[in-house]
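To start, the structure itself, in structure tokens.
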Amino acid sequence: MSDSTKGGTPHRAGAFDIRVFIGALLGIYGVILVLAGLFGTSQDELDRAGGANVNLWTGIGLVVFSACFITWARLRPVIVPPDPDDA
């Protein structure tokens, strides 16, 4: 039976999609690392890392990965059936 004959309409998982949680956590950690890389890196730490600001680059990577996860969740949402017994 289709959804229109039963009267139920499928809806998206929205904020309960695991990709949103993962994206949010990676984004929070990424922002913290970006801020640590911008404001909390000493010259001694840069010298030990071979001149690379590891916190900054890792934070940028996490923010980009987070944006990918959240975009993926928005473009391909999980559809929740109106009646779980039918699925």
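The values are calculated or read from the model by the stated rules, or taken from the named source; none is laboratory data. Keep in mind that what you see is a predicted model, and the values were worked out from it rather than measured. Note: ideal-geometry Cβ built from the backbone for every residue, glycine included; neighbour counts use all protein chains shown.
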Could you please tell me which pairs satisfy a Cβ distance under 8 Å, a separation of 6+ or placement on different chains, a first residue in region 44-59 that is touching a residue at least 12 places away in the same chain (Cβ under 8 Å) and at negative phi, and a second residue that is surrounded by 14 or more Cβ atoms within 10 Å (Cβ to Cβ) and polar (S, T, N, Q)? N53/T41; N55/T41; L56/T41
In region 56-87, anything surrounded by 15 or more Cβ atoms within 10 Å (Cβ to Cβ), touching a Gly at 6+ places or on another chain (Cβ under 6 Å) and within 29 Å of D17 (Cβ to Cβ) is listed as G59, L62, V63, S66, F69, I70
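Please verify whether D44 is under 30 Å from A13 (Cα atoms), of a type outside the set (A, V, I, L, M) and either surrounded by 10 or more Cβ atoms within 10 Å (Cβ to Cβ) or modelled with pLDDT of 90 or more (or both), treating the condition exactly as stated. Before you say what the answer is, go through the steps one by one.
Working: under 30 Å from A13 (Cα atoms): no; of a type outside the set (A, V, I, L, M): yes; either surrounded by 10 or more Cβ atoms within 10 Å (Cβ to Cβ) or modelled with pLDDT of 90 or more (or both): yes.
For D44, the condition - under 30 Å from A13 (Cα atoms), of a type outside the set (A, V, I, L, M) and either surrounded by 10 or more Cβ atoms within 10 Å (Cβ to Cβ) or modelled with pLDDT of 90 or more (or both) - is not met.
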Looking only at region 60-81, filter to residues that are in contact (Cβ under 8 Å) with a residue 12 or more places away in the chain and either among the polar types (S, T, N, Q) or in a loop (DSSP other than H, G, I, E, B) (or both); which one of those is farthest from A24 (Cα to Cα)? P81
Confirm whether G51 is small (G, A, S) and over 27 Å from I18 (Cβ atoms). yes
Apart from one, (1) loosely packed, with under 14 Cβ neighbours inside 10 Å; (2) in a helix (DSSP H, G or I) all hold for G51; the odd one out is (2)
Number of positions in region 17-31 that are assigned to a helix (DSSP H, G or I) and surrounded by 14 or more Cβ atoms within 10 Å (Cβ to Cβ): 10
